[in-house]
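Student: Before I ask anything, here is the structure I am working with.
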Amino acid sequence: MSAFHALLPLSDLPPGAMRAFELEGREVVLCRTREGLYALDNICTHAHARLCEGRLRATRLVCPLHGGAFDIRDGRPLGPPAQVPLGAHRVRISDGVIEVALAD
Ligand code: FES
């Protein structure tokens, strides 16, 4: 199981914001909404688009390329053409800093 990596202070990511990172060679997007803080793979499972360039609405992340949608809480697809879930990673706050551990 992957270790946690410190990414940025929670105060630097306001609700409604997304931020992309590369962790262990994998592109990850952090999503913060009023519903919580989540980390997912940043590359859409439909084709090659960066989800950090899409729209975040409550728990719904919409791909900028073809409009596929994913649930940020677990990565499951919510709308076509997306059919394959996104990898969803573990997130925790430690001393006010967001930390993420990659899923296997
Ligand atoms: S690349 Fe994301 S829906 Fe097509």
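No value in this document is a laboratory result; all are computed from the given coordinates. Predicted, not measured: the structure shown is a model, and the values here were computed from it. Cβ atoms come from the backbone with ideal geometry, glycine included; neighbour counts cover every protein chain shown.
Student: Pairs of alpha-carbon atoms within less than 8 angstrom and 6+ residues apart define the contacts here; what relative contact order does the chain have, in percent?
Tutor: Computed value for the chain: 28 percent relative contact order.
Student: Here's something else I'd like to know. Do any GluC sites (Glu not before Pro) in the chain lie in a loop, going by DSSP, with at most 13 other beta-carbon atoms within 10 Å of their beta carbon, and if so which?
Tutor: Here the sparse-neighbourhood loop sites are E24, E35.
Student: Moving on. Could you check how many percent of all C-alpha pairs in the chain are farther apart than 24 Å? Present the calculation step by step, with values, prior to reporting the outcome.
Tutor: On the way: 806 of 5356 pairs.
More than 24 Å apart: 15 percent of the Cα pairs in the chain.
Student: Return the distance in nm (one decimal) between the two label points of a simple spin-label model at E22 and A58, each offset 7 Å from Cα along Cα→Cβ.
Tutor: Going by the 7 Å Cα→Cβ label model, 3.6 nm.
Student: Please compute the net charge surrounding V91, taking Lys and Arg as +1 and Asp and Glu as -1 over other residues with Cβ under 10 Å from its Cβ.
Tutor: +2
Student: Compare L56, L23, L86 in a GNM of the chain, Cα atoms joined below 10 Å, and give the one with the largest fluctuation.
Tutor: Ranking L56, L23, L86 by mean-square fluctuation puts L23 first.
Student: For segment 20-104, which trypsin sites (Lys or Arg not before Pro) are in a loop by DSSP, counting at most 15 other Cβ atoms within 10 Å?
Tutor: R34, R73
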